[in-house]
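Trainee: There's a structure below that I have some questions on.
Derivation of every value follows stated rules applied to the coordinates shown; laboratory data play no part. In this text the structure is predicted, and so the values were computed from the model without any measurement. Please note: Cβ atoms are built from the backbone with ideal geometry, for glycine as well, and neighbour counts cover all protein chains shown.
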Amino acid sequence: MADIKLDYVVPAEDLQPFVTLFYHFLADVPLFEDVERADHAQLRFRLSRGDASYAFPDETEQPAGEVHIVGPTSGAFRTRAAGPVEVIGMGLQPAGWAALLGIDASAMLNRALDGEVFFGPAVRHVCNRMRAAEGTGEKVAVAAAFIRGSIAAADTGAMIFARQIDAWLAGSPSPDVSALVEATGLSRRQVERRCNALYGAPPKLLARKYRALRAGVALANGSATLDELIAEGFYDQSHLIRELKQFTGLTPRQLSTEPSHLAQLTMSQRLALGGRVHPIISDT
């Protein structure tokens with residue numbers, strides 16, 4: 001669909017501990033409605049005018065301001081915006097969440113938050129600079145400068161723990177929590193508390209989430225069959241279908257033959273970044 005466009009930009013090396021990817025989204029339509037997959041938390045700058053909202057897995061509908069944060073999500077959610085739509089956004093790494101916001105991520109699970117609450121009214125000027133900038137590269141450069149100027153002193157402990165979690169999630173199709181406890185040297189309770197604080201969810205939910213997202217990408221690009229995916233950690237076909245529906249918003253058939261345009265763009269373009277970003281980003 002030529003009237004909807006999504007471009008990703010890999011962050012500079014100094015920002016990679018804080019940002020997964022920058023992106024520039026354009027939709028030249030009267031009303032944009034689609035389903036977004038469960039993902040990292042997001043920071044978004046709406047450069048277009050008009051109302052926008054999200055309908056989250058807990059059945060709450062929440063408005064999206066000009067600058068807003070989408071907290072970590074426990075499932076697929078619906079997005080709706082008056083068109084035409086233009087957004088500059090970025091995924092927030094767990095260490096980025098800690099450095100930018102400094103609050104427990106689990107308190108913001110499935111929530112849209114007004115960016116002015118955290119960054120003050122001056123953040124509107126960042127939006128205006130993005131509107132004045134030419135093209136994706138210049139607009140993303142404004143976003144990158146904002147992040148550099150906004151992050152507090154990096155929490156080395158948060159960065160180390162996040163690397164351990166990401167390695168655990170990417171290292172197995174069906175990660176086992178006991179392996180994570182062993183790798184971190186922490187107690188199970190400590191691991192759960194830190195996962196909630198940085199990722200917004202306990203390890204078991206994270207494992208389910210990324211297992212389903214990885215399976216969705218594999219089905220969409222034809223690299224695995226249903227039977228192969230079931231053998232990698234799902235109980236049976238019904239279990240696989242339920243998990244895919246919860247975390248991607250789509251059934252196996254939809255993923256294989258008719259994914260939504262947003263899902264198709266997201267999965268194909270992130271997969272194309274394999275080798276340039278962590279597998280937890282490119283493969284999910």
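Trainee: For Q246 and Q190, calculate 0.36 nm times their separation in residues minus their Cα-Cα distance, and state this gained length in nm to one decimal.
Mentor: 17.4 nm
Trainee: Once both labels are modelled 7 Å past Cα along the beta-carbon direction, what's the E33-R124 spacing in nm?
Mentor: Each label point lies 7 Å from its Cα, and together they span 3.0 nm.
Trainee: Oh, and also: Could you check the spin-label model distance between D236 and R276? Points 7 Å from the Cα along Cα→Cβ, value in nm.
Mentor: Each label point lies 7 Å from its Cα, and together they span 4.3 nm.
Trainee: Take the eigenvalues of the Cα gyration tensor for region 4-150, scale each by 5, and report the square roots as semi-axes in whole Å, largest first.
Mentor: Equivalent ellipsoid semi-axes, largest first: 20, 20, 14 Å.
Trainee: If you take the alpha carbon radius of gyration of the chain and divide it by 2.2 N^0.38 Å, what ratio comes out, to two decimals?
Mentor: Normalised by 2.2 N^0.38 Å, the Cα Rg of the chain equals 0.96.
Trainee: Run the numbers for E258 and S223: contour at 0.36 nm per residue of separation, minus the present Cα-Cα distance, in nm.
Mentor: Result for the pair: 11.0 nm of gain on full extension.
Trainee: Taking the Cα centre of region 1-124 as origin, sum charge times position over the Cβ atoms of Lys and Arg (+1) and Asp and Glu (-1), and report the length of that vector in debye to the nearest 20.
Mentor: So the magnitude is around 100 debye.
Trainee: Averaging the inverse of every distinct alpha carbon separation and then flipping it gives the Kirkwood radius. What is it for region 88-198, in angstrom units?
Mentor: The answer is 16.1 Å.
Trainee: Continuing with this model, one more query. So what is the 222 nm mean residue ellipticity for the chain from helices alone, if each DSSP H run of at least 4 adds -39500 (n - 2.57) and you divide by all residues, rounding to the nearest 500 deg cm²/dmol?
Mentor: -13500 deg cm²/dmol, from helical runs alone.
Trainee: Filter the trypsin sites (Lys or Arg not before Pro) in region 175-284 to those in DSSP coil with at most 13 other Cβ atoms within 10 Å of their Cβ, and list the result.
Mentor: R276
Trainee: May I pose another question? Report the full-extension gain for the segment A82 to V10: residue separation times 0.36 nm, less the Cα-Cα distance, to one decimal in nm.
Mentor: Taking 0.36 nm per residue and subtracting the Cα distance, the gain is 23.1 nm.
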